[in-house]
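Scroll down for the structure; my scribbles are underneath it.
What follows draws every value from the coordinates through simple rules; no lab data is involved. A quick note: this is a predicted structure, and the numbers were derived from the prediction, not measured. Cβ sites come from the backbone with ideal geometry, for glycine too, and all protein chains shown count toward neighbours.
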Amino acid sequence: MPDEGIQVTDGYYFPISPLLLFPETRGDFGVYLKVKGRYVLYAHPEESFSHEHQKRLFANGVSEVYVLAAQRDQFESYMEKNLGRMLLDEQVPLRERSQMFYNVSVSLVREAFRNHLPGQGLSQHVGRLERFVSLGIQHLAQPGSLKSLASLINHHFQTYSHSVHVFVYTATVLQSMGLEEAKVEQAGLGAILHDIGKTLIPKRILNKPGRLSDEERQAIESHPLQGLGLCTQVELSQTTLHGILYHHERLDGQGYPCGLRKDQIPITVRAITAADTYDALTSSRPYSEPKTPFQALSLMRETLGGQLDPEVYRHLVLVLSGAELV
């Protein structure tokens with residue numbers, strides 16, 4: 001039976017779907033019901049969830065349960081542990097699966113970026129990201145997944161959420177181009193980590209609304225090399241490292257940091273670059289308002305052959321159109 005609750009403000013709790021309480025699992029967080037403005041404990045921490053829990057909730061028309069905001073980390077760890085099972089469970093609606101896929105992925109990237117310690121510290125986070133990317137590729141291969149994710153991708157400028165967006169677009173484009181799954185996974189990890197070097201750039205530069213000075217521009221343009229430096233002690237594939245180092249290279253050789261040209265730039269990097277460009281244009285940033293998908297793609301079309309690969313662009317348009325984003 002639920003325990004009696006006390007009146008508190010909603011800021012102390014966050015809602016989740018009962019579908020995310022998987023039978024025969026256990027979380028070290030409490031689950032609450034909201035009854036007449038009061039939160040009552042429904043399942044104690046360490047209590048195993050059962051089919052009976054879900055049956056009672058749905059029998060009573062409960063569409064949301066609540067977790068203490070102070071236990072968000074415990075809930076996210078629970079979701080990470082059970083993510084694969086959830087993504088592959090066709091009894092859970094695709095939109096529910098997509099929502100949790102997105103929320104868990106952003107939290108994982110945020111944690112990795114906030115704990116960007118060299119060596120073993122970053123290795124532990126990258127290992128978790130690798131497992132997530134593998135599951136994410138399987139999820140994105142399901143018909144309708146990108147469409148389900150589209151409404152969840154809020155275009156605001158934060159490095160970790162931007163990195164998740166770039167991963168989603170990159171993986172979907174490369175899948176549509178027929179690349180083997182292992183290569184897509186390696187490129188996906190590179191997409192997630194492509195901006196990790198920005199964690200070493202002062203926020204006053206990243207968030208500056210006006211024109212950058214030459215010194216500030218040099219600092220910004222150092223982030224691919226900074227990112228590579230952070231990852232030198234982590235076992236990553238060449239494909240992943242290329243995504244981190246080369247994502248600002250251009251076909252005409254005017255990119256940075258190496259000034260690569262045309263075929264010197266791997267196709268996986270070209271996909272990351274296109275995804276990065278699209279998400280940057282459609283995001284709200286300190287120095288620019290977001291453009292519509294149509295406006296962004298129109299601007300990108302003008303740079304084909306110079307900055308962006310035309311074939312990658314064509315596939316990006318196709319996958320966005322299929323997801324009804326344009």
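Computed over the chain with a Gaussian network model linking Cα atoms closer than 10 Å, the most mobile of Y39, Y246, Y78 is Y39. Tell me which of Q175, P293, L135 sits at the most positive position along the dipole axis of the chain, charges placed on C-beta atoms (Lys, Arg +1; Asp, Glu -1). Working it through, the farthest residue towards the positive pole turns out to be P293. Here the stretch 222-263 was treated as a single set of alpha-carbon atoms; its pair distances binned every 10 Å from 0 give 31, 51, 18, 0 percent. Ordering A187, Q74, T199 by the projection of their Cα atoms onto the charge dipole of the chain, which places +1 on the Cβ of Lys and Arg and -1 on the Cβ of Asp and Glu, puts T199 at the extreme positive end.
Within the same chain, lysines fewer than 8 places from K34 are excluded, and of the rest, those with a Cα less than 28 Å from its Cα are K55, K81. Taking the charge dipole of the chain about its Cα centre, with +1 at Lys and Arg Cβ atoms and -1 at Asp and Glu Cβ atoms, the residue from L152, L212, P257 reaching farthest to the positive side is L212. Spread over its residues, the convex hull of the C-alpha atoms of the stretch 171-231 is 105 Å³ per residue. Between the stretch 164-179 and the stretch 284-319, the alpha-carbon centres lie 15 Å apart. For L308, nonlocal amide neighbours, meaning residues 5 or more places apart or on other chains whose placed amide H falls under 5 Å from its own, are L251. Shown is the FRET efficiency for Q264 and S237, computed with R0 = 25 Å from the Cβ-Cβ distance and rounded to the nearest 0.05: 0.85.
Evaluated with a Cβ-only charge set (Lys, Arg +1; Asp, Glu -1), the chain carries a dipole of roughly 580 debye about its Cα centre, given to the nearest 20. Connecting C-alpha atoms closer than 10 Å in a GNM of the chain, tell me which of R261, R211, R128 has the biggest fluctuation. Checking each option, the largest mean-square fluctuation is seen for R211. Give the shape of the stretch 41-100 as rounded, prolate or oblate, defined through the alpha-carbon gyration tensor: a ≥ b ≥ c are the square roots of its eigenvalues, a/c under 1.5 means rounded, and otherwise the shape is prolate if a/b is larger than b/c and oblate if not. Cα axes put the stretch 41-100 in the oblate bin.
Note on Q295 and H51: their simple-model spin labels are 5.3 nm apart, each label 7 Å out from Cα toward Cβ. Volume of the convex hull of the chain (Cα atoms only), normalised per residue: 148 Å³. Annotation: extensible slack from R85 through I205 equals 39.1 nm (criterion: 0.36 nm per residue apart, minus Cα-Cα distance). Between the beta carbons of K34 and E181, assuming R0 = 35 Å, the FRET efficiency works out to 0.25 to the nearest 0.05. Taking each residue as 0.36 nm, the span from Y287 to R217 lengthens on full extension beyond its C-alpha to C-alpha distance by 23.8 nm. Computed over Cα pairs, the Kirkwood radius of the stretch 181-291 leads via Stokes-Einstein (1.567 mPa s, 4 °C) to a diffusion coefficient of 89 µm² per second.
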